[in-house]
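Since the structure comes first, as structure tokens, the remarks are kept for the end.
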Amino acid sequence: MKTQLCVTIRYLQPLSHGRGAGGEPEWPPTPLRLFQALVAAAAARWNERMVLAYAVPALRWLEGRPFPIIVAAPAQISEVKCQFYVPDNTGDLLVPAFTRGDLQRGVNRSEKIILPVHLNGEAVHYIYELTDGECPHIETLTAAARSITHLGWGIDMAVGNAAIMDEKEVSALKGEVWRPVPDSSGTPLRVPIQGTLDALISKHEAFLNRLSKDGFKPVPPLSTFKVVRYRRATDSASKPWIAFQILRPEADRIASFDTPRRCRDVAAWVRHVTGQVCDGWPFGSTESFVHGHAGPNRQLKGEEADKRFSYLPLPTINHALNRVEAIRRVLITAPPGFQDRIDWIRRRLPGQDLIDLEGEVKGILNILPTNNWVLEQYTTESCCWSTVTPVMWPGHDDNDARKAEKLLRNAFIHAGLAPEVVAGIEELDWRPVGFRAGLDLAQNYRRPENLNGRMYHVRVKFAHPVRGPLAVGAGRYRGFGLFAKAEV
Amino acid sequence: MSNLKRFDEFLKQDGPVALVLRQHLMPVEGQDGVVFPATYAAGGNFPGGYNIDSFENKTNVALIDSIGSQANRIEPIFAEEDYKHLIPQISVTVGVKQISILEAGHRAGDAIVRCSSLAPTLQDAFKAVLSGSAEPIAKIAPTSLVFGVWDSRDTQVKLPRVFASTIRAFEVRRLTRSAQYNPPIDYSTLEVFSEEEKAKAEGDTKNPLAKRGFVHVPAIGSHGGVIADGGIRRDATLSLAALRLLHVGNDQDRTLALRRYILGLSLIAITYPPAGYLRQGCLLVLNPSKANENEFVEVQSSGERKPCNLTHDEAKKYATEAAIAFGVGPSQTVPFEKERAKRDVSGVAAENGMIDGKITKVESESITIKRGKKDTPVTVGSETKYFLGDAESNYELVVVKGKSVEAEVANGVAVKITSK
């Protein structure tokens with residue numbers, strides 16, 4: 001059975017005050033913070049406060065490990081920024097007052113903003129993969145971990161431990177699981193890399209010598225680390241996207257297309273023009289990623305099926321009238337981790353014509369600012385969502401509501417939501433009639449060729465906020481099953 | 001029978017990593033009594049007032065007494081009759097004021113202490129920590145090891161706190177209070193001021209007439225305390241892991257004696273009766289109805305918890321024996337040294353080394369040497385020797401305002417000043 005190194009920190013009070021980059025409350029504590037605590041603990045444990053020696057091989061080994069998985073107690077950031085005043089160490093400046101007999105004077109105080117993270121639990125576990133199943137420094141690391149006294153600020157007293165665990169023990173750990181992710185979504189956390197230990201030793205030396213007869217020498221900040229994004233299973237992965245508004249061929253104003261009749265066409269036009277600008281596409285064949293084909297007349301299947309662009313015509317949501325209207329914008333999304341593909345087409349698509357099957361120009365693509373209100377109805381976070389184009393069932397429900405619900409839940413998972421998020425859905429409704437004003441009956445939407453599943457409008461309420469764009473079902477690459485934020 | 005080995009289990013590397021105490025408290029008025037938490041000034045987007053955190057599930061937590069505040073309340077007990085034999089009583093005399101090291105905000109690292117005649121000894125003690133021995137600091141300021149210390153003005157040594165305590169209230173309901181001040185007579189009828197001035201001043205707390213109590217002043221909607229429906233709890237922690245990081249070089253016997261000594265002081269701090277007067281409107285006592293929910297446990301590195309049975313009297317007995325075995329440092333009252341402070345304030349630790357530049361100021365016991373934009377005060381005394389080039393000279397010929405000199409300083413005093 002696969003074994004892993006687990007370094008555990010238990011907070012002795014239900015609070016953590018550590019701050020991340022930018023001064024924002026940090027949770028979970030970063031692997032770099034743990035590493036720094038281990039270095040400090042090792043220096044104190046083996047009484048090497050000036051020159052670290054005993055634990056150096058173990059710490060060098062640890063800094064070279066792959067990024068750990070973190071299992072952390074759920075936590076909530078305080079809403080109250082409380083301002084404390086801490087005394088400056090300037091008691092000597094009071095001497096003139098004391099000498100004059102003014103004994104009531106106190107030292108100046110500095111403002112210190114406290115913004116704790118309240119913990120619903122006590123432990124944070126850092127799980128390091130052991131490539132060959134062995135941890136050659138387990139004794140040293142255990143002793144160092146057990147010598148950790150704080151993690152975060154000086155008031156965040158904690159105790160540590162380290163142990164080798166098998167998968168079963170790891171999966172039994174309580175807390176939210178944070179995994180490193182390759183894309184730009186998630187929480188950025190600092191992690192140690194090769195060289196971090198040496199950088200910390202240099203920084204400590206500089207800190208001890210920052211005051212000398214030559215005056216104050218600022219200590220340079222630590223720079224030998226990497227920022228890695230971590231995400232919980234319940235956090236939605238962020239899909240890279242690019243949005244356009246569609247201008248009329250004359251480029252005099254914005255074009256509009258009736259959603260039920262032209263949604264499939266607009267998606268097809270955008271896919272076509274994307275394929276046309278992909279000369280020199282450096283990411284392999286455009287057949288699968290751009291066109292969604294495995295070959296002539298063959299659909300992508302299996303794990304590769306989702307590695308493709310989605311072409312999502314965006315019906316306008318009229319803010320004032322609170323209703324869904326015609327298509328005037330379009331969104332192209334890629335799966336998480338494929339920002340480079342989106343960047344590539346971002347440079348080539350603006351100004352391109354949308355051409356129908358007869359060769360007639362139907363519109364021109366024009367970059368859409370990301371702060372566009374309509375666009376934000378599709379791309380920001382929300383717990384509640386409802387469709388603006390019907391979801392095409394990815395299978396047969398046999399007119400059985402339970403089967404239909406199962407199909408629909410699977411459709412959310414296929415669209416990239418974590419099973420934990422789907423399992424936590426609080427409300428899920430579907431019906432032929434739309435849940436928003438301005439929508440047509442589901443069966444009135446012209447479906448793309450070769451897709452023949454039943455179509456329903458859907459409304460969903462998740463337990464956790466989910467980030468858009470969200471498109472599910474069999475037509476999710478072609479503008480069907482597209483959701484917009486709904487009122488809670 | 002000796003008590004000294006009783007807690008040696010706590011000092012073993014594979015022993016428990018912490019002792020945690022949770023005590024349920026209540027206002028002296030009763031469980032539903034109103035208690036006044038600490039108030040904090042406005043700042044950021046915090047409007048000022050009580051520090052109450054609210055959560056999505058409609059619960060909340062109010063801070064009654066912070067870690068720093070609890071430390072400031074507990075540390076001075078070591079100057080009391082029952083405990084003063086456990087630590088050296090160190091005070092700094094400044095004019096007519098005597099400041100105990102227990103009152104100094106930054107303990108052994110506090111500027112007032114570092115600018116006393118104790119400074120060289122303390123500096124050596126902090127340097128000894130860097131070299132691997134906390135014994136010298138324990139001989140001067142053992143509570144700095146219990147409550148933590150940072151020598152921010154000099155060696156940068158940081159020692160983590162072994163003991164921490166916080167008091168919080170849960171599920172609190174805020175109250176407000178209003179008051180009305182009525183002057184004993186209507187001063188305007190005595191023509192002390194006019195009716196117009198009276199009308200203008202009433203209700204305006206910043207108006208001088210209102211400040212001095214000549215007019216009616218209402219005070220509306222100020223902080224009126226909280227009722228803690230979820231109770232009040234003191235969480236105290238003694239970090240045995242931090243304690244085990246204290247060493248006396250490689251001397252295991254002295255290391256054990258030091259750890260026992262600091263453990264004894266820390267056990268006194270954690271078992272010290274918590275109830276008491278924190279501030280106006282906040283007098284807390286133990287909550288007898290929740291006595292069986294109080295918890296005093298040893299926490300293992302695995303997270304496992306085992307009950308810890310220890311009374312304050314037992315802690316005191318142990319601490320006394322441990323202190324005798326360790327050897328409590330001598331108590332001293334030391335003077336504040338103005339010149340040392342001047343040097344410190346100038347941001348220059350002119351304790352040792354060479355300083356060169358022009359003399360910009362000459363005083364009876366010191367000179368100031370300027371190089372670039374930096375002024376460095378240097379103490380001169382009877383042991384200072386003066387040179388003109390290589391030839392020995394005297395004070396009058398060398399110490400001349402505007403002259404370029406080079407001063408060799410040892411322990412803050414110039415031993416040799418050479419005019420270039």
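Checking the range A:31-46 against the condition returns a match, with at least one residue being in contact with a Leu (Cβ under 6 Å, 6 or more places away or on another chain) and more than 10 Å from every other protein chain (Cβ to nearest Cβ). Set side by side, the residues A:D252, A:D265, A:D183, A:D235 differ, and just one is more than 30 Å from A:H464 (Cβ to Cβ) and either exposed (fewer than 15 other Cβ atoms within 10 Å of the Cβ) or under 29 Å from the mean Cα position of the chain (by Cα) (or both), which is A:D252. Evaluation of A:T99 against the conditions (1) facing another protein chain (nearest Cβ under 10 Å); (2) within 30 Å of B:V92 (Cα to Cα); (3) at pLDDT 75 or above shows that the sole unmet condition is (3).
Can you name the residue in the range A:232-258 that is within 27 Å of A:P369 (Cα to Cα) and in contact with a Phe, Trp or Tyr (Cβ under 8 Å, 6 or more places away or on another chain) and is also farthest from the other protein chains (Cβ to nearest Cβ) among such residues? This residue is A:I246. The residues of the range B:105-122 that are within 12 Å of chain A (Cβ to nearest Cβ) and in a helix (DSSP H, G or I), listed by number, are B:R107, B:A108, B:G109, B:A111, B:I112, B:V113, B:R114, B:A119. Listed by first and then second residue, the pairs with beta-carbon distance under 8 Å, at least 6 apart or on different chains, first residue in the range B:119-130 and of a type in the set (S, T, N, Q), second not in a helix (DSSP H, G or I), are B:Q123/B:D154; B:Q123/B:T155; B:Q123/B:E351. Scanning the range A:324-355 for residues that are modelled with pLDDT under 95 and of a type in the set (K, R) yields A:R341, A:R346, A:R347, A:R348. Does B:V285 meet the test of being closer than 26 Å to B:A38 by Cα, surrounded by fewer than 21 Cβ atoms within 10 Å (Cβ to Cβ) and either without any contact (Cβ under 8 Å) to a residue 60 or more places away in the chain or within 13 Å of chain A (Cβ to nearest Cβ) (or both)? No.
Within 11 Å of chain A (Cβ to nearest Cβ), closer than 21 Å to B:V334 by Cα, touching a residue at least 24 places away in the same chain (Cβ under 8 Å) and touching a strand residue (DSSP E or B) at 6+ places or on another chain (Cβ under 8 Å): is that true of B:S144 in this structure? Judged against the criteria, B:S144 is not a match.
Of the residues making up the range B:331-351, just one is loosely packed, with under 14 Cβ neighbours inside 10 Å and modelled with pLDDT under 70, namely B:G347. Residue pairs whose Cβ atoms lie under 9 Å apart, separated by 6 or more positions or on different chains, with the first residue in the range A:191-220 and within 14 Å of chain B (Cβ to nearest Cβ) and the second outside any loop (DSSP other than H, G, I, E, B) and among the basic types (K, R), are A:D214/B:K374; A:G215/B:K374; A:V219/A:K203. Scanning the range B:84-104 for residues that are within 21 Å of B:S69 (Cα to Cα) and in a strand (DSSP E or B) yields a count of 2.
Give the residues of the range A:255-286 that are of a type in the set (S, T, Y), more than 14 Å from A:T389 (Cβ to Cβ) and part of a helix (DSSP H, G or I), sorted by residue number. Within the range A:255-286, A:T274, A:T286 meet the criteria. The residues of the range A:196-224 that are surrounded by 15 or more Cβ atoms within 10 Å (Cβ to Cβ) and within 21 Å of B:D356 (Cβ to Cβ), listed by number, are A:L211, A:K213, A:G215. For the range B:44-80, name all the residues that are at negative phi, in a strand (DSSP E or B) and not acidic (D, E). Selection gives B:F46, B:Y50, B:I52, B:S54, B:N60, B:V61, B:A62, B:L63, B:I64.
Okay, residues lined up against (1) touching a residue at least 40 places away in the same chain (Cβ under 8 Å); (2) within 22 Å of A:P390 (Cβ to Cβ):
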position	(1), (2)
A:F289	yes, no
A:E304	no, no
A:P313	yes, yes
A:H319	yes, no
A:T333	yes, yes
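Would it be correct to say that A:A21 is aliphatic (A, V, I, L, M), more than 13 Å from chain B (Cβ to nearest Cβ), closer than 27 Å to B:R153 by Cα and touching a residue at least 12 places away in the same chain (Cβ under 8 Å)? Here the answer is yes, as A:A21 does meet what is asked. The condition of being away from every other protein chain (no Cβ under 14 Å) and either among the aromatic types (F, W, Y) or surrounded by 15 or more Cβ atoms within 10 Å (Cβ to Cβ) (or both) holds for only one of B:V149, B:V215, B:V248, B:V157, that being B:V215. Just checking, does the range A:64-71 include any residue being within 14 Å of A:A143 (Cα to Cα) and within 14 Å of chain B (Cβ to nearest Cβ)? Checked against the condition, which is being within 14 Å of A:A143 (Cα to Cα) and within 14 Å of chain B (Cβ to nearest Cβ), the range A:64-71 yields no hits at all.
Of all residues in the range A:234-254, exactly one satisfies the criterion of being among the small types (G, A, S) and not in a loop (DSSP other than H, G, I, E, B), namely A:A243. Can you tell me which residues in the range A:132-174 are hydrophobic (A, V, I, L, M, F, W, C), within 22 Å of B:S165 (Cβ to Cβ) and touching a Gly at 6+ places or on another chain (Cβ under 9 Å)? A:I148, A:L151, A:W153, A:I155, A:A158, A:V159 - these are the residues of the range A:132-174 that are hydrophobic (A, V, I, L, M, F, W, C), within 22 Å of B:S165 (Cβ to Cβ) and touching a Gly at 6+ places or on another chain (Cβ under 9 Å).
Restricting attention to the range B:160-187 and to residues that are surrounded by fewer than 22 Cβ atoms within 10 Å (Cβ to Cβ) and small (G, A, S), the residue that is farthest from the other protein chains (Cβ to nearest Cβ) turns out to be B:A179. The set of residues from the range B:5-35 being more than 15 Å from B:I64 (Cα to Cα) and in a strand (DSSP E or B) comprises B:A18, B:L19, B:V20, B:L21. Considered as a group, the residues in the range B:69-90 that are buried (at least 17 other Cβ atoms within 10 Å of the Cβ) and within 13 Å of chain A (Cβ to nearest Cβ) include one that is nearest to B:T166 (Cα to Cα), and that residue is B:Q70. So, in the range A:306-345, of the ones that are assigned to a strand (DSSP E or B) and among the charged types (D, E, K, R), which residue ends up surrounded by the fewest Cβ atoms within 10 Å (Cβ to Cβ)? In this case the residue turns out to be A:R323.
For the range A:114-121, the criterion of being more than 9 Å from chain B (Cβ to nearest Cβ) and crowded, with 17+ Cβ neighbours inside 10 Å is met by at least one residue. Of the helices (runs of 4 or more DSSP H) entirely within the range A:359-467, those holding at least 1 residues that are of a type in the set (A, V, I, L, M, F, W, C) and in contact with an Asp or Glu (Cβ under 8 Å, 6 or more places away or on another chain) occupy A:401-414. When A:I155, A:I201 are screened for being in contact with a helix residue (DSSP H, G or I) (Cβ under 9 Å, 6 or more places away or on another chain) and in a loop (DSSP other than H, G, I, E, B), only A:I155 passes. What about B:A41, is it farther than 30 Å from B:G230 by Cα and either in contact with a Ser or Thr (Cβ under 8 Å, 6 or more places away or on another chain) or not charged (D, E, K, R) (or both)? Taking the combined requirement at face value, the residue does not satisfy it.
The values are calculated or read from the model by the stated rules, or taken from the named source; none is laboratory data. Predicted, not measured: the structure shown is a model, and the values here were computed from it. Positions of Cβ are generated from backbone atoms using ideal geometry, with glycine treated the same way; all protein chains shown enter the neighbour counts.
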